[in-house]
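Data block below; observations after.
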Amino acid sequence: MKKIYLIYLLAVPFFMNAQTDIDGIMMNKNNFCVGAIYQYSSWDEYWEGDFKRENLNLGTVSTRAIGLMGNYGISDKLNAIFSVPYIETNASAGTMKGQKGIQDLSLTLKYMPLEKTIGEATYSIYALGSFTTPLSNYSADYLPLSLGLKSKTVSLRLMGDYQRGNFFTTISGAYVKRANITIDRNAYLTDEMHYTNEVDMPDAISINFRAGYRSNRLIAEFIIDNWVTQSGGFDITKNNMPFPSNTMNALKYGINSKYTFKKIPELSLVGGYNYVAEGRNVGKSDTFYGGVFYVINFKKTSPQDEK
């Protein structure tokens with residue numbers, strides 16, 4: 001079973017790494033974990049460049065989302081993970097209308113090439129490859145109420161996990177390559193004028209650290225996550241709307257938890273909270289989530305196994 005990891009840039013929820021691929025847990029061969037997560041995020045302050053401000057024309061910007069997620073154990077060392085979110089955005093003030101619809105499909109392969117126990121400690125190394133693509137024709141050029149940035153992405157993440165008894169630490173880093181997008185206008189201004197409808201999207205680097213308690217029935221962890229846009233982005237101009245190719249940096253702190261029922265070990269509940277502590281061109285958001293997951297064993301049993 002997995003937990004969920006969410007990135008929030010302004011009101012745009014990225015269900016990248018959902019359910020979550022960036023923990024030190026693998027789904028066993030022929031097991032399929034499927035479930036749904038409900039989450040709520042809101043902010044009434046944001047960073048315009050490095051200047052933190054409010055905007056009375058927006059009030060409180062909120063996002064509600066339901067994500068369908070699954071993780072299948074191709075083998076004990078290779079998992080396939082997917083997520084599909086339905087999202088609804090809203091602003092409590094002003095005339096901008098919220099949006100709702102399906103966002104992006106996320107697909108991830110998670111591979112564990114090494115797991116070694118030395119003494120009382122277990123060391124694991126993981127490699128993850130992810131791909132996302134929009135599933136609906138939403139507008140990316142409607143921030144901060146857009147459903148997403150509408151950019152196809154590929155990412156590669158390397159991760160290490162250390163566990164001693166029930167206590168663990170996990171650290172990972174990823175490079176996210178983002179494809180250019182097109183918008184519904186033939187000219188736009190960044191730090192210079194562009195006479196085209198194609199927007200060059202900057203890449204990003206994601207660093208994630210987590211530590212806590214992990215057992216068969218309970219996981220409780222503290223998380224630090226840092227998302228840094230690479231060269232090519234620019235700041236929101238004074239009193240202007242955000243733009244898809246803005247620099248969007250976010251340092252987040254959060255907690256995650258998962259509880260597995262003793263009498264129904266296939267069933268588990270997940271929940272957590274995170275907030276953006278520092279950022280650039282992002283909302284100072286608070287995010288809460290909770291969900292339920294169930295594991296189905298597709299392993300074929302032989303007549304001998306049934307005796």
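Look at segment 153-169: where a residue is more than 15 Å from E115 (Cα to Cα) and touching a residue at least 24 places away in the same chain (Cβ under 8 Å) and a partner is among the hydrophobic types (A, V, I, L, M, F, W, C) and surrounded by 13 or more Cβ atoms within 10 Å (Cβ to Cβ), sitting 6+ places away or on another chain with Cβ atoms under 6 Å, you get T153/V176; V154/F131; S155/A174; S155/V176; R157/L128; R157/A174.
Before we move on, is S136 assigned to a strand (DSSP E or B) and not charged (D, E, K, R)?
Details: assigned to a strand (DSSP E or B): no; not charged (D, E, K, R): yes.
When the stated conditions are applied, S136 does not pass them.
With respect to (1) among the small types (G, A, S); (2) surrounded by fewer than 18 Cβ atoms within 10 Å (Cβ to Cβ); (3) in contact (Cβ under 8 Å) with a residue 60 or more places away in the chain, the lone exception for A250 is condition (2). Evaluate the following for K100: is it under 21 Å from the mean Cα position of the chain (by Cα), at pLDDT below 95 and among the charged types (D, E, K, R)? Here the answer is no, as K100 does not meet what is asked. T287 meets all of the listed conditions (1) in a strand (DSSP E or B); (2) surrounded by 20 or more Cβ atoms within 10 Å (Cβ to Cβ); (3) over 15 Å from the mean Cα position of the chain (by Cα) but one, namely (3). Of the residues examined, T190 is one that is surrounded by 15 or more Cβ atoms within 10 Å (Cβ to Cβ) and farther than 19 Å from G254 by Cβ.
When residues in segment 131-148 are screened for being within 20 Å of M69 (Cβ to Cβ) and crowded, with 21+ Cβ neighbours inside 10 Å, 3 of them pass. Criterion first (at pLDDT below 95 and in contact with an Asp or Glu (Cβ under 7 Å, 6 or more places away or on another chain)) does G59 satisfy it? Considered against the rule, which asks whether it is at pLDDT below 95 and in contact with an Asp or Glu (Cβ under 7 Å, 6 or more places away or on another chain), G59 comes out as no.
Taking into account only those residues within segment 66-110 that are part of a loop (DSSP other than H, G, I, E, B) and among the hydroxyl-bearing types (S, T, Y), which is surrounded by the fewest Cβ atoms within 10 Å (Cβ to Cβ)? Please lay out each step first, then the result.
If we filter segment 66-110 for residues that are part of a loop (DSSP other than H, G, I, E, B), which is where we start, we get 76-77, 92-99, 103.
Subsequent filtering for residues that are among the hydroxyl-bearing types (S, T, Y) retains 92, 95.
Working: S92: 12, T95: 6.
The qualifying residue surrounded by the fewest Cβ atoms within 10 Å (Cβ to Cβ) is T95.
For segment 197-217, check the following and say yes or no: at least one residue is of a type in the set (A, V, I, L, M, F, W, C), exposed (fewer than 13 other Cβ atoms within 10 Å of the Cβ) and in a loop (DSSP other than H, G, I, E, B).
No - not one qualifying residue is present in segment 197-217.
Evaluate the following for V270: is it touching a Lys or Arg at 6+ places or on another chain (Cβ under 7 Å), under 26 Å from S139 (Cα atoms), among the β-branched types (V, I, T) and touching a residue at least 24 places away in the same chain (Cβ under 8 Å)? Against the criterion (touching a Lys or Arg at 6+ places or on another chain (Cβ under 7 Å), under 26 Å from S139 (Cα atoms), among the β-branched types (V, I, T) and touching a residue at least 24 places away in the same chain (Cβ under 8 Å)), V270 does not qualify. Of the residues S215, S245, S231, the single one that is touching a residue at least 24 places away in the same chain (Cβ under 8 Å) and closer than 25 Å to F288 by Cβ is S215. Among the residues of segment 6-25, is there at least one that is closer than 17 Å to T287 by Cβ, at pLDDT 95 or above, touching a Ser or Thr at 6+ places or on another chain (Cβ under 7 Å) and of a type outside the set (V, I, T)? Taking every residue of segment 6-25 in turn, none turns out to be closer than 17 Å to T287 by Cβ, at pLDDT 95 or above, touching a Ser or Thr at 6+ places or on another chain (Cβ under 7 Å) and of a type outside the set (V, I, T).
The values are calculated or read from the model by the stated rules, or taken from the named source; none is laboratory data. Just so we're clear, the structure is a prediction, and the values are computed from it rather than from any experiment. Cβ coordinates were reconstructed from backbone atoms using ideal geometry, including for glycine residues, and neighbour counts include every protein chain displayed.
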